[in-house]
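The values are calculated or read from the model by the stated rules, or taken from the named source; none is laboratory data. Bear in mind the structure is a predicted one, so any value in this text is a computation, not a measurement. So basically every Cβ, Gly included, is an ideal-geometry build from the backbone, and we count neighbours across all protein chains shown.
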Amino acid sequence: MTAVFLYSPNTDTMKKFVLIVLSCTILTCCGSTSKAPQDPRAIERFTSFVNEKSFEFVATTAYPTATQSLNAIANSGILPPGNTAGTIQLIGTPNYVKFYGDSVSAYLPFYGERQFGGGLSGNTGIEFKGIPNDYEQTYNTGKERFEIEFDIADKTEVYQINLLLFSDNSAQVNVNSNQRNSIRFSGDVKAIEPKTEN
């Protein structure tokens, strides 16, 4: 693409013109990309293990609610390099949300503020196991994703869980609690393979 510039004694007008040309070029380049089609067999496998409720989510990144206290911790240098108050890398940190039939279990780290409860014997992370309440699962055709919502309780804590599962096996999990600030996780989802006995 070539651009023709006309001399103008008004440099402000010239700057605006250059900015408009650059903006149009960037928008044209960005708009020309298209989403790559996915393998129909991979989508079928993905749909199958989600509908059978036999899958596991593993988080790679946590996104806690940014608060003044969490920012103070981040500014103190306690967090490992590459982490901020709003983004914590979880690679190498054990965690999961597992679906197996009607039951769900989870073990996720928690970063943020806890309002009350828990005590010394309480879970520092997000842990639950059991049959969820108000379970809803829908498939959003336009966005090509499963949307799952449910509530589940563990001892004195009640969690509201929202999952977004994408056909490329990426996923997001949002956790709201009656005792903690909300936190979001991103990661991957995969089928739980049936155990084979030797």
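Return the residue satisfying two criteria in turn: it lies in the range 66-118 and is among the hydrophobic types (A, V, I, L, M, F, W, C), in a loop (DSSP other than H, G, I, E, B) and without any contact (Cβ under 8 Å) to a residue 12 or more places away in the chain, and of such residues it is surrounded by the most Cβ atoms within 10 Å (Cβ to Cβ). If you could, list the steps in order and put the result at the bottom.
First, the residues of the range 66-118 that are among the hydrophobic types (A, V, I, L, M, F, W, C): 66, 70, 72-74, 78-79, 85, 88, 90-91, 97, 99, 104, 106, 108, 110, 116.
If we keep only those that are in a loop (DSSP other than H, G, I, E, B) as well, we get 66, 78-79, 85, 90-91, 110, 116.
Checking the rest, the ones that are also without any contact (Cβ under 8 Å) to a residue 12 or more places away in the chain come to 78-79.
Numbers: Ile78: 9, Leu79: 17.
Selected residue: Leu79.
Pairs linking a residue in the range 176-198 that is β-branched (Val, Ile, Thr) and in a loop (DSSP other than H, G, I, E, B) to a residue that is at pLDDT 95 or above and surrounded by 15 or more Cβ atoms within 10 Å (Cβ to Cβ), with Cβ atoms under 7 Å and 6 or more positions apart or on different chains, are Ile192/Phe55; Ile192/Glu56; Ile192/Lys98. Of the residues making up the range 146-171, those that are surrounded by fewer than 19 Cβ atoms within 10 Å (Cβ to Cβ) and in a strand (DSSP E or B) are Glu147, Glu149, Phe150, Asp151, Ala153, Asp154, Val158, Gln160, Asn162, Leu164, Phe166, Ser170.
For the range 143-172, the set of residues classified as of a type outside the set (Phe, Trp, Tyr) and closer than 19 Å to Arg114 by Cα consists of Asp151, Ile152, Ala153, Asp154, Lys155, Thr156, Glu157, Val158, Gln160, Ile161, listed by residue number.
Exactly one residue out of Gly122, Gly112, Gly142, Gly82 is modelled with pLDDT under 90, among the small types (Gly, Ala, Ser) and touching a Pro at 6+ places or on another chain (Cβ under 7 Å): that is Gly112. A search for C-beta distances below 9 Å between a residue of the range 126-153 that is within 17 Å of Tyr100 (Cα to Cα) and any residue that is among the hydrophobic types (A, V, I, L, M, F, W, C) and not in a strand (DSSP E or B), counting only pairs 6+ apart in sequence or on different chains, returns Gln137/Val50; Phe146/Phe46; Phe146/Val50; Ile148/Val50; Ile152/Ile131. So which residues in the range 154-175 are without any contact (Cβ under 8 Å) to a residue 24 or more places away in the chain and of a type in the set (Val, Ile, Thr), if there are any at all? Listed by number, the list holds a single entry, Val158.
When the test is whether a residue is among the aromatic types (Phe, Trp, Tyr) and either within 19 Å of Ile183 (Cα to Cα) or surrounded by 14 or more Cβ atoms within 10 Å (Cβ to Cβ) (or both), Tyr63 passes it.
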